[in-house]
Amino acid sequence: MTYSATGFGSQDQNNAKVLQVENLETHFITRAGVLKAVDGVSFHIHAGETVALVGESGCGKSVTALSLLRLVPNPPGEIVGGRILLDGDDLLEMSQSEIEDVRGDRAAMIFQEPLTALNPILNVGNQLSEVILRHTKASKREARALVLDMLKRVGISDPESRLKAYPHQLSGGMRQRVMIAMALLANPALLIADEPTTALDVTIQAQILELMRDMRDQTGAAVLMITHDLGVVAEMADRVIVMYAGRIVESAPVRTLFASPAHPYTLGLMRSTPNLTTQRGELSAIPGLVPTLAALKDMEGCRFAPRCAFASQKCREHEPPLENASNDQSVRCWHWDQVLASQVAV
Amino acid sequence: MQNGEANVSATAQTSKRVSLLNRLYGLNGRILFGGALVLFIVILAIAAPLLATHDPLRVRMSDRLLPPSFDNWLGTDNNGRDVYSRIVYGARISVLVGSAVVILSTFFGTLIGLIAGYYRRMDGPMMRFMDAVMTFPSILLAIAIIAALGASAQNVIIALTVSFVPHTARVVRGKVLSVREETYVESARAIGLGDTRIILRYILPNTLAPLMVQATFILALAIIAEAGLSYIGAGTPPPTPSWGNILADGRAFLNNAWWMTTFPGIFIMISVLGLNILGDGLRDLLDPRMENNR
């Protein structure tokens, strides 16, 4: 690799779990009571692997992402339970200054809207240098050189003059490249991308996704991709985790998930997304709405039951556990065998 | 073709200078006009010894209450002192008190506003206290403080600072509350920056625009307040000239010596008008919602 000189390019993609989340619970304490935005979520990501976290707005996927770096605003949010192991270190047991050392260095984040995620009064050079100056003992001049190098790597043309540019002077795709550069500067082991392409044009989306794939392959970082776009999932992810109302409802390798979704909600998501093979008129919507967090408090049974075509009396009374449908697919549904069977019939 | 290319590169070289000029022209007339009036008063204050034609303190009873003439441009007062020279020296007090109040109230107001806006637990107690101070009319509060401390330029500065700090604190806190919710503050946290650095590098610079506008208005208010306090004898003690006490001296002679009150009044008006026009212009320039008008 040509980038080995900069310390990147570790191709050692062993099967070490970079991130291991166990039973994460993030609650919002409001006047209406305790809202469980993330309710017992567990998953892991290996080095060099991309895991997509999918779900509708309000299902808890962004809160999960913020919880990983302990960025949930407190008050009202609070991580009340679980463990978040980054290379074996529990982030939830760290002191404030220890977690600040981790942020941007061992774990970095890419935000959805790159214009609002960049300080309007800092130029690109100063903004990016901030990461290096924060986490290393490099001088301003050395930081600038590293930033310049990184801007080249993320494909920004004429990087020297871009150093002096302010965020509003850049195009949307360019800004997102700057955000990616900022996230990768410290060579993080974990990269969290919160809907990185949602705010971009389709053509730019493809470029940014390709860039992210390249960067992941070069750095061997574990990537957690938050999205509601199944096209992005198919393009990027190795494994997919589907969230619904604060809970994981299905987790599977991307091919398995697209070929045979075992949870009725995942199936609904697939059917409501158009693709080249769907027949006209076949596009369907999932009836109803995601229950509000406040409504969940008094809910017994499966959270998806009110919207589910497969729901039985058992579903309304008892919540199903997350169980293995096959050795790499787990699903939270009493009737997953029926869900799978229904697809064969079609 | 070659000619055209040469032109292009020449344009590129001068474009920086041109854009600076454009910006100056683009600054609305209000900034230039208001700024010129303020500059005039500041020059008056700085160059007072050069501009004054007489010693502002010299009493000559034979020359009392002379109307404006070639010798005494703006006439003389009831003690035979030259009104023009007294006004020129009086500008020093106004500018001194005004800028000291602006600097002090901006410093303390910003500090309180930043802390109250950023650390939400501090918000309630601090701002309730500020609100309590604000319920007193600022002149009344200043009179009360001066009554306790005694009349002097220094105490005027203290009194006016106390009464203006809550206004600045409020403006800053309001802006901080909106800036702290911006994604770029979250992204600053996500790259591992601590509170202090976030406040200094991300929050404070983004509150500067409303702060500058507020500062120009406080300067105007402080100049009026100083004149008002001196007028009622709670400000700069005589014989040191201040626009307020020149006015106060002239009060008894309104019928036969109009120049003693008219001219200091005009100077107060010029400085306050200039500052308000400047402040309006700055607000338009710095308010992003007015972007299209530029």
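Derivation of every value follows stated rules applied to the coordinates shown; laboratory data play no part. Keep in mind the model is a prediction, meaning the values are calculated, not measured. Neighbour counts run over all protein chains shown; Cβ positions are idealised from the backbone, glycine included.
Tabulated values for the structure
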read-out: Under Karplus coefficients 6.51, -1.76 and 1.60, residue-wise ³J(HN,Hα) of the range A:127-137 in Hz, glycine/proline x; value: 4, 6, 4, 3, 4, 5, 5, 6, 10, 10, 9
read-out: Relative contact order, percent, chain A [alpha-carbon distance under 8 Å, six or more residues apart]; value: 20 percent
read-out: Lys/Arg +1, Asp/Glu -1 at C-beta; the range A:10-237 dipole; positive extreme among A:PRO120, A:ALA107, A:VAL178; value: A:PRO120
read-out: Cut-off under 5 Å, modelled amide H: who pairs with A:VAL249 long-range; value: A:VAL242, A:MET243, A:TYR244
read-out: Cα-based Lys proximity count in the protein assembly as shown, under 18 Å, for pairs eight or more positions apart or on separate chains; value: 5
read-out: Rounded tilt (10° steps) of A:140-153 against the dominant C-alpha axis of chain A; value: 50 degrees
read-out: Top of A:ALA108, A:ALA245, A:ALA325 by mean-square fluctuation, Gaussian network on chain A, Cα under 10 Å; value: A:ALA325
read-out: Beta bridges by DSSP in the protein assembly as shown, antiparallel share as percent, to the nearest 5; value: 65 percent
read-out: Ranked packing of A:147-160, B:93-106, A:177-190, A:64-77, most packed first, by mean Cβ within 10 Å; value: A:177-190, B:93-106, A:64-77, A:147-160
read-out: Separation of the B:LEU57 and A:VAL34 label points, Cα + 7 Å toward Cβ, nm; value: 7.5 nm
read-out: Average beta-carbon neighbours from other chains, 10 Å sphere, peptide A:113-121; value: 6
read-out: At most 14 other Cβ within 10 Å, DSSP loop - trypsin sites (Lys or Arg not before Pro), the range A:239-340; value: A:ARG280, A:LYS297
read-out: Inter-site label distance for B:ASN78 and A:ASP90 at 7 Å from Cα along Cβ, in nm; value: 8.3 nm
read-out: Hypothetical label at B:ALA36: residues of the range B:266-282 whose amide nitrogen lies under 19 Å (7 Å Cα-Cβ projection); value: B:267-282
read-out: The range A:260-345, dipole about Cα centre (Lys/Arg Cβ +1, Asp/Glu Cβ -1), debye to the nearest 20; value: 280 debye
read-out: Dipole moment magnitude, nearest 20 debye, the protein assembly as shown about Cα centre, only Lys, Arg, Asp, Glu C-beta charged; value: 1640 debye
read-out: Under the Karplus curve 6.51 cos²θ - 1.76 cosθ + 1.60, θ = phi - 60°, whole-Hz ³J(HN,Hα) for the range A:197-211, x wherever Gly or Pro sits; value: 10, 4, 8, 10, 4, 4, 5, 5, 3, 4, 4, 5, 5, 5, 4
read-out: Rounded to the nearest 20 debye, dipole of chain A from Cβ charges on Lys, Arg, Asp, Glu; value: 620 debye
read-out: Gaussian network model of chain A, springs between alpha carbon atoms under 10 Å - residue of A:ILE110, A:ILE29, A:ILE192 with greatest fluctuation; value: A:ILE29
read-out: Ordering of B:122-132, A:34-44, B:274-284 by packing [mean C-beta count within 10 Å, highest first]; value: B:274-284, A:34-44, B:122-132
read-out: Approximate spin-label separation A:VAL344-B:ILE46, in nm, with each point projected 7 Å along Cα-to-Cβ; value: 9.0 nm
read-out: Of the DSSP H helices in chain B, those whose Cα atoms cover at least 27 Å axially and whose Kyte score averages 0.5 or more; value: B:83-118, B:153-179, B:204-231, B:259-286
